[in-house]
Amino acid sequence: IVLYVSMGPEINISAMPNVVEKTKEMATSILDSQKLNLKISTMEIYDTEVEKGCVVKTEPVSGDQLKTGQEVLLYISKGPEMKSVPNVVGMNIDTATSVLTKAGFKTPDITLVESEEEKDSVVKQSVPEGFEIEVTAEIIPEYSSGPKETTAPPTTATEPTTGAEESVTIPYTLA
(Lines give C-alpha, C1' and ligand atoms only; values in the text may rest on other atoms or scores of the structure.)
Protein backbone atom coordinates (compact mmCIF):
# COMPACT_ATOMS: atom_id res chain seq x y z
CA ILE A 1 0.00 0.00 0.00
CA VAL A 2 1.25 3.44 -0.98
CA LEU A 3 -0.11 6.38 0.96
CA TYR A 4 0.00 9.89 -0.47
CA VAL A 5 -0.44 12.77 1.96
CA SER A 6 -1.38 16.17 0.60
CA MET A 7 0.59 19.13 1.84
CA GLY A 8 -2.32 21.40 0.93
CA PRO A 9 -2.41 23.97 -1.81
CA GLU A 10 0.88 25.44 -2.91
CA ILE A 11 1.52 28.64 -1.03
CA ASN A 12 3.55 31.32 -2.71
CA ILE A 13 5.09 34.07 -0.69
CA SER A 14 6.15 37.51 -1.82
CA ALA A 15 6.86 40.93 -0.32
CA MET A 16 4.13 43.58 -0.43
CA PRO A 17 5.19 46.08 -3.11
CA ASN A 18 5.08 49.82 -2.45
CA VAL A 19 1.99 51.09 -4.27
CA VAL A 20 1.53 54.31 -2.29
CA GLU A 21 0.79 57.30 -4.57
CA LYS A 22 -0.02 54.97 -7.48
CA THR A 23 -3.48 55.14 -9.03
CA LYS A 24 -5.97 52.54 -7.84
CA GLU A 25 -5.77 50.83 -11.23
CA MET A 26 -1.96 50.81 -11.28
CA ALA A 27 -1.78 49.49 -7.71
CA THR A 28 -4.25 46.70 -8.49
CA SER A 29 -2.27 45.77 -11.60
CA ILE A 30 0.99 45.64 -9.63
CA LEU A 31 -0.62 43.43 -6.97
CA ASP A 32 -2.20 41.13 -9.58
CA SER A 33 1.24 40.68 -11.17
CA GLN A 34 2.36 38.99 -7.93
CA LYS A 35 0.33 35.92 -9.06
CA LEU A 36 -0.86 35.36 -5.50
CA ASN A 37 -4.60 35.53 -6.18
CA LEU A 38 -4.88 38.34 -3.61
CA LYS A 39 -8.25 39.54 -2.32
CA ILE A 40 -7.95 43.28 -2.95
CA SER A 41 -10.41 45.71 -1.40
CA THR A 42 -10.44 49.49 -1.21
CA MET A 43 -11.58 52.19 1.19
CA GLU A 44 -11.80 55.87 0.28
CA ILE A 45 -10.43 58.42 2.77
CA TYR A 46 -9.80 62.17 2.76
CA ASP A 47 -6.17 63.11 2.31
CA THR A 48 -4.47 66.46 1.70
CA GLU A 49 -1.13 65.01 0.60
CA VAL A 50 -1.96 62.29 -1.93
CA GLU A 51 -3.74 63.08 -5.20
CA LYS A 52 -7.39 62.08 -5.49
CA GLY A 53 -7.75 58.51 -6.83
CA CYS A 54 -4.31 57.39 -5.66
CA VAL A 55 -3.24 55.05 -2.85
CA VAL A 56 -2.61 56.76 0.51
CA LYS A 57 -1.58 53.64 2.47
CA THR A 58 -1.98 49.88 2.44
CA GLU A 59 -2.62 46.98 4.79
CA PRO A 60 -0.29 45.14 4.88
CA VAL A 61 2.37 47.82 4.48
CA SER A 62 5.14 47.78 1.90
CA GLY A 63 7.74 45.07 2.59
CA ASP A 64 5.42 42.86 4.67
CA GLN A 65 5.01 39.25 3.63
CA LEU A 66 2.16 38.36 1.24
CA LYS A 67 0.77 34.84 0.90
CA THR A 68 -1.49 33.29 -1.70
CA GLY A 69 -5.13 34.39 -1.23
CA GLN A 70 -4.30 37.04 1.37
CA GLU A 71 -6.49 40.11 1.78
CA VAL A 72 -4.97 43.48 0.87
CA LEU A 73 -6.65 46.79 1.72
CA LEU A 74 -5.87 49.88 -0.38
CA TYR A 75 -6.78 53.27 1.10
CA ILE A 76 -7.66 55.53 -1.83
CA SER A 77 -7.52 59.33 -1.55
CA LYS A 78 -10.73 61.29 -1.97
CA GLY A 79 -8.58 64.41 -1.96
CA PRO A 80 -8.87 67.03 0.75
CA GLU A 81 -12.09 67.35 2.68
CA MET A 82 -14.13 70.34 1.52
CA LYS A 83 -16.47 72.37 3.73
CA SER A 84 -18.78 75.32 3.24
CA VAL A 85 -17.57 78.55 4.84
CA PRO A 86 -19.86 79.86 7.59
CA ASN A 87 -20.62 83.57 8.00
CA VAL A 88 -18.93 85.02 11.09
CA VAL A 89 -19.28 88.74 10.28
CA GLY A 90 -20.81 90.58 13.24
CA MET A 91 -19.83 87.90 15.78
CA ASN A 92 -17.44 88.55 18.65
CA ILE A 93 -14.01 86.88 18.79
CA ASP A 94 -15.05 83.91 20.96
CA THR A 95 -18.21 83.12 19.00
CA ALA A 96 -16.49 83.45 15.59
CA THR A 97 -13.63 81.20 16.73
CA SER A 98 -16.10 78.60 18.03
CA VAL A 99 -18.17 78.62 14.82
CA LEU A 100 -15.06 78.22 12.61
CA THR A 101 -13.65 75.44 14.80
CA LYS A 102 -16.95 73.52 14.88
CA ALA A 103 -17.12 73.79 11.07
CA GLY A 104 -13.71 72.07 10.94
CA PHE A 105 -11.51 75.05 10.07
CA LYS A 106 -8.27 76.10 11.75
CA THR A 107 -8.45 78.99 14.17
CA PRO A 108 -6.26 81.80 12.83
CA ASP A 109 -4.43 84.52 14.69
CA ILE A 110 -6.47 87.59 15.57
CA THR A 111 -6.24 90.45 13.04
CA LEU A 112 -7.44 93.84 14.27
CA VAL A 113 -8.51 96.59 11.89
CA GLU A 114 -9.74 100.13 12.42
CA SER A 115 -13.52 100.19 12.22
CA GLU A 116 -16.49 102.06 13.58
CA GLU A 117 -18.01 98.67 14.53
CA GLU A 118 -18.09 97.42 18.11
CA LYS A 119 -14.68 96.41 19.50
CA ASP A 120 -13.76 92.72 18.92
CA SER A 121 -16.59 92.08 16.42
CA VAL A 122 -15.83 90.56 13.01
CA VAL A 123 -16.09 93.22 10.29
CA LYS A 124 -14.80 91.11 7.37
CA GLN A 125 -13.70 87.54 6.61
CA SER A 126 -11.13 86.47 4.00
CA VAL A 127 -13.39 83.84 2.38
CA PRO A 128 -17.05 84.71 1.81
CA GLU A 129 -19.87 82.68 3.31
CA GLY A 130 -20.93 79.63 1.29
CA PHE A 131 -17.65 79.04 -0.58
CA GLU A 132 -16.49 75.41 -0.57
CA ILE A 133 -12.85 75.22 0.54
CA GLU A 134 -10.44 72.66 2.00
CA VAL A 135 -10.78 72.32 5.76
CA THR A 136 -7.05 72.92 6.01
CA ALA A 137 -7.49 76.38 4.45
CA GLU A 138 -7.44 79.34 6.76
CA ILE A 139 -10.34 81.77 7.02
CA ILE A 140 -9.04 85.04 8.40
CA PRO A 141 -11.64 87.12 10.21
CA GLU A 142 -10.80 90.80 10.70
CA TYR A 143 -11.90 92.10 14.08
CA SER A 144 -12.74 95.70 14.89
CA SER A 145 -10.36 97.50 17.19
CA GLY A 146 -13.35 99.69 18.04
CA PRO A 147 -14.32 103.19 17.04
CA LYS A 148 -11.50 105.71 17.11
CA GLU A 149 -11.51 107.65 20.31
CA THR A 150 -11.94 111.33 19.64
CA THR A 151 -10.86 113.94 22.10
CA ALA A 152 -11.91 117.54 22.13
CA PRO A 153 -9.13 119.96 21.25
CA PRO A 154 -7.55 121.50 24.33
CA THR A 155 -9.01 124.81 25.34
CA THR A 156 -6.74 127.74 26.04
CA ALA A 157 -7.48 130.37 28.57
CA THR A 158 -7.98 133.80 27.03
CA GLU A 159 -7.74 137.12 28.74
CA PRO A 160 -11.03 138.82 29.08
CA THR A 161 -11.39 141.78 26.74
CA THR A 162 -12.20 145.19 28.12
CA GLY A 163 -13.69 146.43 24.95
CA ALA A 164 -11.09 149.18 24.81
CA GLU A 165 -9.21 147.45 22.08
CA GLU A 166 -10.39 148.38 18.64
CA SER A 167 -9.10 147.79 15.28
CA VAL A 168 -8.54 150.89 13.25
CA THR A 169 -8.12 151.09 9.51
CA ILE A 170 -6.00 153.98 8.26
CA PRO A 171 -6.28 154.80 4.61
CA TYR A 172 -2.88 155.18 2.98
CA THR A 173 -2.14 156.23 -0.54
CA LEU A 174 1.16 155.66 -2.25
CA ALA A 175 2.37 158.68 -4.16
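Figures for the structure shown
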| read-out | value |
| --- | --- |
| Output for the stretch 23-37, where each listed residue is open to solvent by 20 Å² or more (accessible area, probe 1.4 Å) and not in a strand (DSSP E or B) | Lys24, Glu25, Met26, Thr28, Ser29, Ile30, Asp32, Ser33, Gln34, Lys35, Asn37 |
| Search result, residues across the stretch 74-106 that are in contact with a helix residue (DSSP H, G or I) (Cβ under 9 Å, 6 or more places away or on another chain) and under 19 Å from Glu44 (Cα atoms) | Leu74, Ile76 |
| Matching option when the condition is surrounded by 12 or more Cβ atoms within 10 Å (Cβ to Cβ), of a type in the set (A, V, I, L, M, F, W, C), modelled with pLDDT of 95 or more and part of a loop (DSSP other than H, G, I, E, B), among Val20, Val55 | Val20 |
| Residue within the stretch 119-142 that is of a type in the set (D, E, K, R), over 30 Å from Ile45 (Cβ atoms), modelled with pLDDT of 85 or more and in a loop (DSSP other than H, G, I, E, B) present | yes |
| Tally, over the stretch 103-137, of residues that are over 14 Å from the mean Cα position of the chain (by Cα) and open to solvent by 30 Å² or more (accessible area, probe 1.4 Å) | 15 |
| Filter result for Leu100 (within 30 Å of Lys35 (Cα to Cα), modelled with pLDDT of 90 or more and under 35 Å from the mean Cα position of the chain (by Cα)) | no |
| Test set (1) assigned to a loop (DSSP other than H, G, I, E, B); (2) exposed (fewer than 15 other Cβ atoms within 10 Å of the Cβ); (3) at negative phi - Ser98 fails condition number | (1) |
| Any hit, the stretch 74-90, residues being outside any loop (DSSP other than H, G, I, E, B), among the β-branched types (Val, Ile, Thr), open to solvent by less than 70 Å² (accessible area, probe 1.4 Å) and under 19 Å from Thr28 (Cβ atoms) | yes |
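The values are calculated or read from the model by the stated rules, or taken from the named source; none is laboratory data. Since the structure is predicted, the reported quantities are computational estimates derived from the model, not experimental observations. Positions of Cβ are generated from backbone atoms using ideal geometry, with glycine treated the same way; all protein chains shown enter the neighbour counts. Surface areas here come from the heavy atoms of the whole protein model, side chains and all, with no ligands, DNA or RNA. Shrake-Rupley method; radii C 1.70, N 1.55, O 1.52, S 1.80 Å.
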